[in-house]
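Undergrad: Have a look at this one.
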There are 2 protein chains.
Amino acid sequence: MAADAIKQPSRAQRGQEMAGGVNLREKLDSFSDHWSPRIVADMNGHDVMVVRVDGEFTWHSHAESDDFFLVLEGELDIDLRDRTITLGPGELYVVPKGVEHRPAARRGEVKMLLIEPTGMPNTGDEKTAATKVRI
Amino acid sequence: MAADAIKQPSRAQRGQEMAGGVNLREKLDSFSDHWSPRIVADMNGHDVMVVRVDGEFTWHSHAESDDFFLVLEGELDIDLRDRTITLGPGELYVVPKGVEHRPAARRGEVKMLLIEPTGMPNTGDEKTAATKVRI
């Protein structure tokens, strides 16, 4: 399942246009599990995803990619080894490649837009990564 | 000026982390001109930008890149040759590379998040492109 979802060619690779705009709130309302990103669009070899999160994720880094977070609802902490970045709605942060970080929703659920290279494991490790399903 | 702004190395290229999160509303409130994107972050060779727009842009396409639009305030039309995609706040669309499009704010000002490869002219043509300033 995971491999199928990740290896599925993107709309751009298939030469297809998106039928219409993507409403992020509607996409987020269509599922309820946490730390399980859904792909909503493709851009230049990247997955554009929405995710609902609660609690702490694992410490990880991505050797080959920056990691883009835009908070839509709630308040996210991004722990770095020397400090914590806190993001509210309409705030974004890009963790540079190679930098260890731990996303954490410690004050209720957080809804976010994420952008990562297609096929990149969200934990930095294929063995522990979540399946990214296209919705 | 334009060349300086575009050729400036990204934070990621300089190996620097962003000091903190980027508040998109604050960034948008810091300027008032239209169709003049400001770079607020870097991600994997892309500029993450905010822009305020009003009226119609020019028809154009980008041969080598998809074009990402996320509306934050207002209502944006993206004219394609066969239809128009309309986006409200919290809605996104990715125009595939090579596809002609004309963004248009026809019902008041629109504020957006844009993502494009670093150095890509926003009109698809260096001669007519806006300078992208980092803020």
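Undergrad: Express in whole angstrom the spacing between the alpha-carbon centres of segment A:105-135 and segment B:87-130.
TA: Their Cα centres are 26 Å away from one another.
Undergrad: As a check on your grasp of the helix formula, calculate [θ] at 222 nm for chain B: sum -39500 (n - 2.57) over DSSP H runs of n ≥ 4, divide by the residue count, round to the nearest 500.
TA: Rounded to the nearest 500, the figure is -2000 deg cm²/dmol.
Undergrad: State in Å² the accessible area per residue of the protein assembly as shown; use a 1.4 Å probe, count heavy atoms of protein chains only, and round to the nearest integer.
TA: Per residue, the protein assembly as shown has an accessible area of 44 Å².
Undergrad: Which whole number of Å³ per residue matches the convex hull of the alpha-carbon atoms in the protein assembly as shown?
TA: On the way: hull volume 33.2 nm³, N = 270.
For the protein assembly as shown, the hull spanned by Cα atoms encloses 123 Å³ per residue.
Undergrad: Please compute how much accessible surface disappears when A pairs with B, both sides summed, using a 1.4 Å probe, and round it to the nearest 100 Å².
TA: 2700
Undergrad: How large, in percent, is the carbon and sulfur part of the accessible surface of the protein assembly as shown at a probe radius of 1.4 Å?
TA: 47
Undergrad: Given points 7 Å out from each Cα along the Cα-Cβ axis, report the A:Glu64 to B:Arg106 separation in nanometres with one decimal.
TA: Going from the A:Glu64 label point to the B:Arg106 one covers 4.4 nm.
Undergrad: A:Arg81 versus A:Asp54, label points 7 Å from Cα toward the beta carbon: distance in nm?
TA: 3.3
The values are calculated or read from the model by the stated rules, or taken from the named source; none is laboratory data. Model, not experiment: these values are computed from the prediction. Cβ atoms come from the backbone with ideal geometry, glycine included; neighbour counts cover every protein chain shown. When the accessible area is computed, the model is the full protein with side chains, heavy atoms only, and any ligands, DNA or RNA have been set aside. Shrake-Rupley method; radii C 1.70, N 1.55, O 1.52, S 1.80 Å.
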